[in-house]
Amino acid sequence: MNYFPDEVLEHVFDFITSHKDRNSVSLVCKSWYKIERYSRQSVFIGNCYSISPERLIARFPGLKSLTLKGKPHFADFNLVPYDWGGFVDPWIKALAKSRIGLEELRLKRMVVSDESLELLSRTFVNFRSLVLVSCEGFTTDGLAAIASNCRFLRELDLQENEVDDHRGHWLSCFHESCTSLVSLNFACLKGEINLGALERLVARSPNLKSLRLNRAVPLDTLQKLLMRAPELVDLGTGSFVHDPSSEAYNKLKSAIQRCKSIRSLSGFLEVAPQCMSAIYPICGNLTFLNLSYALGLHGNKLRKLIQHCRKLQRLWILDYIGDKGLGVVASTCKELQELRVFPSDPSGAGNAAVTEEGLVLISAGCPKLNSLLYFCQQMTNAALITVAKNCPNFIRFRLATLDPIKPDAVSNQPLDEGFGAIVQSCKGLKRLSLSGLLTDQVFLYIGMYAEQLEMLSIAFAGDSDKGMLYVLNGCKKLRKLEIRDCPFGNAALLEDVGKYETMRSLWMSSCEVTLGCCKILAKKMPSLNVEIINESEQMEFNLDDDRQKVDKMYLYRTVVGPRKDAPEFVWIL
Amino acid sequence: MQGGSVIGVGGSESGSMSTVSREDNMVMSSEGSSCPDESELELGLGLSLGGGFKMHQVSRTLAAKNFLSVVSPPASSSPSPSPSSSSSSSSSSLSRAIVTAGTKRTADSMAAANGSSQVVGWPPIRAYRINSMVNQAKGLAGEGFNSTMENHKNETSVVEKNTIGSYPNNGNAKLRKSLFVKVNLDGIPIGRKIDLNGHESYEKLAKTLEDMFLRTSPSVNLVGSRALEHGGKNEITRPSKLLDGSSDFVLTYEDKDGDWMLVGDVPWEMFLSSVKRLRIMRTSEATGLGKQIHILFLSCLHSFFHSYLRLHQLVIYSTKNTTEPETKKQAHLEYYSLKSTVR
């Protein structure tokens, strides 16, 4: 079918960057498959156990950039035991042995060791970019290896990792000749930083655009860094506490004023409200503001700050803001697309929380809103219906009432109608998280209307297997389904086993599923790994007693069969 | 188009490439999903409450009694799933849900559980974020258990302690020139002036103000009996009523930015540098300036198949309540569930 020589096709394929599209291209015919495979540079693997590194290497010899995700999503909330898996070592070892010239590695929820970081840094000469999100298992020694050996490092981005901080010296390991840094984010490190080394590093990085500091970096160092890097686009402050009448603070003010390119501001890991006026000059340019760690900032100061940020597109904030403050956001931030409101007090003892009123105000004032994460004290159907009407563009909608099964605060009814309105109105909804009192009815709505839904998170909801079935039957594009504490059982799980092959994974914990059912499922579907995670201390989990309820089940499609690195408490059926 | 059959051609690895590619593509087909590159807090589900097998509860947290209890042991431990429960209290509806949510098996473990157990793993917040906030709050408020009454004092000093490295300690305040600011008491048309630099701390300042305003005018009956008892002498040691909220009046100040703030929030030095004037406001009017202290207990109690871990952390941090209700100072004891597994 090729009317063109391979080189032409390859050139055409260069324009196709999305993974999905490239996968489709590869399926057209043998020669397209071959051309695509040799020219593919970037691969995304959503579940590291779905394929092996060897197969990856065999198929894509030109691989430069790899993204891997490990643990299931609920590992974020400590649902998954510590050493369940998700080790990156085998991948790095295999890549190191091959002739792949890896340049970028992005990992999420994986276990990374210092040894593998060291191996990575020594093997790949052109390595440029390391992004670790919610990973663990490494220390600052591993970072030191990266700093020392990756001479052309452009990006070191550590987001919310659990890093064993051996303090200090890793920053000094960046070579004097390393001038290529574009992005440096070490906000999650807990230990001290060699401030002098940091200043020198920033001074010799003319391309630095993104800098996120940890709490150990004081405000006067920030001022010095800003003087060196006035072209920054993304800044994460460390500690933002100072005496407003001091010389250093005034210097900071003028340093900040020079930074006209800053569009994204975060950090404030420690904050004194009196100091916030220093950033007013740049607030008008901000498109992203993250105050979700700023425990000391609330009330008037917070609202006043927001009022300066007219161009904001993404806002992450604590619920100190209150409904009233959300009203200020609604009237100020007309370009707002994404809002995340985190709880300052997760127990919800009724103090600084937001309610449905705040959300309604936001929806009325910010019609471009398409992504929401909202922890709230209470919610009502009426509010959700209004929100659905005001904002039909939601792509991600995640709501968490602090009490997981709280009904409509006014009518005491389940929140079925409210969420139903959301899925009906937001035709492009891809991700949904539910909470509150919910019956099977909400799942009927989801199955009926949420045609684009890819990820669904359910907790303490539903009445019967019907709920789960509505979803499995209705949501054709579903990729990830995670369920906890719902009365869904064997009948629902076994109804359509083929469905799971079309999905990345399914998590069910504290539901009604029995061991026998999982065994049946595993038998019917050899292309799935059905993992049972059992942590019970007192009772031995008897692998022969099929009637036992399974506490945690995680199943996912794979082409490489059961994994070999599962710990004792994980059974792969 | 040759090689047309791309679907479901079974066979060996060396056979149809389309099978291989399709399979491979299946695992690599999803884009980064709808999640942005930003590290995100993903809403999800935490630990199961009382999940697991008969005698055992995988994990649960204990909450203090006055914690907003989400769960109480089901009054009727008979699991009768009624879809539209019109129970008005969240706690009983939660217990209903738990009962119907397939935890029939744990009904007895629920009963065995404490009267007020929080749902573990809810709200679904990334462990990293929880830890981070806890550590920050600890730093803000210092170690130890502080009652609300003493809160100001401790909080001030601890914040000072924390920030001592961050801002230049202007050393000895003794040699400073005077800093006079106006002070007004609500209801009294004529204000006074006071030299802030003549005072070294909030306590001293409050004492002076009490002496100045709250003792000399008999028509104003505010201060509690304690002050009258002590006859207006300088009692430096006892906590000032103006600062701790136990009087009918609240001490506020206007700062450089024009905002009215509650006195006592920030270190003394910082206060001096930003205060423009003072106002002694009636408590009933001081909405939006009230202070609430939260005391968080972090406690984690869980058992695992191979390990047993218990964590207790006590956290104090203060928040400003900017919502409508009257300002009150309350101490809340809350448990914050935190689970980390250790083998």
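The values are calculated or read from the model by the stated rules, or taken from the named source; none is laboratory data. Since the model is a prediction, treat every value here as computed from it, not as a measurement. Counting neighbours? That spans all protein chains shown, and the Cβs are built from the backbone with ideal geometry, glycine included.
Some observations on this one:
- Counting the residues of the range A:206-229 that are in a loop (DSSP other than H, G, I, E, B) and either within 14 Å of chain B (Cβ to nearest Cβ) or more than 29 Å from the chain's Cα centre (by Cα) (or both) gives 7.
- Test: A:Ser254 is surrounded by fewer than 19 Cβ atoms within 10 Å (Cβ to Cβ), under 20 Å from B:Val266 (Cβ atoms) and not acidic (Asp, Glu): no
- Just one of (1) outside any helix (DSSP H, G or I); (2) touching a residue at least 60 places away in the same chain (Cβ under 8 Å) fails for A:Arg55. It is (1).
- Residues of the range A:415-432 satisfying the condition of being touching a helix residue (DSSP H, G or I) at 6+ places or on another chain (Cβ under 8 Å) and surrounded by 20 or more Cβ atoms within 10 Å (Cβ to Cβ): A:Leu415, A:Asp416, A:Gly418, A:Phe419, A:Gly420, A:Ala421, A:Ile422, A:Val423, A:Cys426, A:Leu429, A:Leu432
- Of the listed requirements (1) outside any loop (DSSP other than H, G, I, E, B); (2) more than 12 Å from chain B (Cβ to nearest Cβ); (3) in contact (Cβ under 8 Å) with a residue 24 or more places away in the chain, A:Asp76 misses just one: (2).
- Test for A:Gly299: is it within 12 Å of another protein chain (Cβ to nearest Cβ) and within 20 Å of A:Ser183 (Cα to Cα): no
- When each of B:Asp211, B:Asp257 is tested for being at pLDDT 60 or above and assigned to a loop (DSSP other than H, G, I, E, B), the lone residue that passes is B:Asp257.
- Number of residues in the range A:131-146 that are more than 14 Å from chain B (Cβ to nearest Cβ), surrounded by fewer than 24 Cβ atoms within 10 Å (Cβ to Cβ) and among the hydrophobic types (A, V, I, L, M, F, W, C) equals 3.
- Subset of the range A:471-506 (residues that are under 26 Å from the mean Cα position of the chain (by Cα) and of a type in the set (Val, Ile, Thr)): A:Val471, A:Ile483, A:Thr502
- Hits in the range A:84-112 (condition: more than 19 Å from the chain's Cα centre (by Cα) and buried (at least 19 other Cβ atoms within 10 Å of the Cβ)): A:Trp84, A:Trp91, A:Ile92, A:Leu95, A:Ile100, A:Leu102, A:Glu103
- The lone criterion from (1) part of a loop (DSSP other than H, G, I, E, B); (2) away from every other protein chain (no Cβ under 14 Å); (3) of a type in the set (Lys, Arg) left unmet by A:Arg122 is number (1).
- On inspection, A:Leu312 passes the criterion of being in contact with a strand residue (DSSP E or B) (Cβ under 9 Å, 6 or more places away or on another chain), assigned to a loop (DSSP other than H, G, I, E, B) and more than 11 Å from chain B (Cβ to nearest Cβ).
- Within the range A:512-526, residues that are over 24 Å from A:Ala459 (Cα atoms) reach no partner that is charged (D, E, K, R) and surrounded by 15 or more Cβ atoms within 10 Å (Cβ to Cβ) with beta carbons closer than 8 Å at six or more positions or on different chains.
- Residue check for A:Met468: under 21 Å from A:Asn529 (Cα atoms), modelled with pLDDT of 95 or more and over 20 Å from the mean Cα position of the chain (by Cα): yes
- Of the criteria (1) out of contact with any strand residue (DSSP E or B) (no Cβ under 9 Å at 6 or more places or on another chain); (2) closer than 15 Å to A:Lys499 by Cβ, which one A:Leu453 fails: (1)
- When the range A:140-166 is filtered for residues that are modelled with pLDDT under 95 and in a strand (DSSP E or B), the ones remaining, listed by number, are A:Glu162, A:Val163, A:Asp164.
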